[in-house]
1. Hey, any hits in the range 52-66 for a residue that's over 22 Å from Phe133 (Cα atoms) and either touching a Lys or Arg at 6+ places or on another chain (Cβ under 6 Å) or not assigned by TED's automatic domain parsing to the domain that holds Leu110 (or both)?
2. Take Ala121 and decide whether it is surrounded by 15 or more Cβ atoms within 10 Å (Cβ to Cβ) and either closer than 25 Å to Arg177 by Cα or of a type in the set (Phe, Trp, Tyr) (or both).
3. Out of (1) of a type in the set (A, V, I, L, M); (2) closer than 30 Å to Asp149 by Cα; (3) out of contact with any Ser or Thr (no Cβ under 6 Å at 6 or more places or on another chain), the odd one out for Leu13 is which?
4. Say we look at the range 126-157 and pick out the residues that are part of a helix (DSSP H, G or I) and touching a strand residue (DSSP E or B) at 6+ places or on another chain (Cβ under 9 Å); which of these is farthest from Ser101 (Cα to Cα)?
5. In the range 115-164, how many are without any contact (Cβ under 8 Å) to a residue 24 or more places away in the chain and of a type in the set (Ser, Thr, Tyr)?
6. What residue, among those in the range 144-164 that are among the charged types (D, E, K, R) and closer than 20 Å to Leu110 by Cα, is surrounded by the fewest Cβ atoms within 10 Å (Cβ to Cβ)?
Amino acid sequence: MQSHKAVITSHTLEPLGKPVLTIEFPAGITIGTGQFVLANLPGNSDPLRTRLFPIEFAVNGFTSDFLPGPAWLPGLTMEILGPFGKPFLPPDTARRWFLLSLGDHPGRLLPLLQLGRTQSASMAFWSKEPRPFLPSDVEHPAELAEAIDWADFIAIELPGLDWPGEYLSLRSQLLQRKDATIQILVDVPTPCGLGACQACAIPERKGWSLGCQSGLVLSMEQTNG
């Protein structure tokens, strides 16, 4: 497990429209969309670290969707472990991306917009929660079924293993899209980051995986149900 020092550089309202945290860490640390780090403030006696997902990347750092409390002050140096898990990996050939947030954290899909531009992809974004601030070139489809048929890469954010009705109603259509790459972020708890606590266990078609090691991003073919 890698340990690094990170600095809280600011609190910002972008891109979610509410206070979120921006951190900077040493050069050379690579983290992808859907991965996370575990952070610990100096002097914190809580054995559980705070999970930080990137919602926007910057040079040597990222903005997280974590809502900072009074102890998370800009300028503070903290210890982070990770990154953990596997990231979203869109195919280089995909040119029609649909990002579908059916959980509580639509911001965790936002870095894919940055990546999509580098691949000249057309992009659509749909969120069950209030939408984050989106660039004008990102579509907001009215019909989810049409967007699923249109896309050749689909990234989905789900709230743990209690899958919402919207996802269950779309699942048979998603399974039929054999010509599209579909990847799903399954937001299970990851308190230790090592898999030792088993809290991150995710059922798959061929058994179980540990989210902090094999996920939290899984292919559509891996997911069970």
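1. Initially, the range 52-66 is screened for residues over 22 Å from Phe133 (Cα atoms), giving 60.
Subset that is either touching a Lys or Arg at 6+ places or on another chain (Cβ under 6 Å) or not assigned by TED's automatic domain parsing to the domain that holds Leu110 (or both): 60.
Yes.
2. Numbers: surrounded by 15 or more Cβ atoms within 10 Å (Cβ to Cβ): yes; either closer than 25 Å to Arg177 by Cα or of a type in the set (Phe, Trp, Tyr) (or both): yes.
Against the criterion (surrounded by 15 or more Cβ atoms within 10 Å (Cβ to Cβ) and either closer than 25 Å to Arg177 by Cα or of a type in the set (Phe, Trp, Tyr) (or both)), Ala121 qualifies.
3. (2)
4. Applying the first criterion (part of a helix (DSSP H, G or I)) to the range 126-157 yields 144-150.
Going one step further and asking which of them are touching a strand residue (DSSP E or B) at 6+ places or on another chain (Cβ under 9 Å), we end up with 144, 147-148, 150.
Numbers: Leu144: 11, Ala147: 13, Ile148: 13, Trp150: 17 Å.
Top of the filtered list is Trp150.
5. The qualifying residues number 2.
6. Initially, the range 144-164 is screened for residues among the charged types (D, E, K, R), giving 146, 149, 152, 157, 162.
Among the residues that remain, those that are also closer than 20 Å to Leu110 by Cα are: 152, 157.
On the way: Asp152: 18, Glu157: 26.
In this case the residue turns out to be Asp152.
The values are calculated or read from the model by the stated rules, or taken from the named source; none is laboratory data. Quantities reported herein were computed from a predicted structural model and do not represent experimental measurements. No Cβ is skipped: glycine too gets one built from the backbone with ideal geometry, and neighbour counts run over all protein chains shown.
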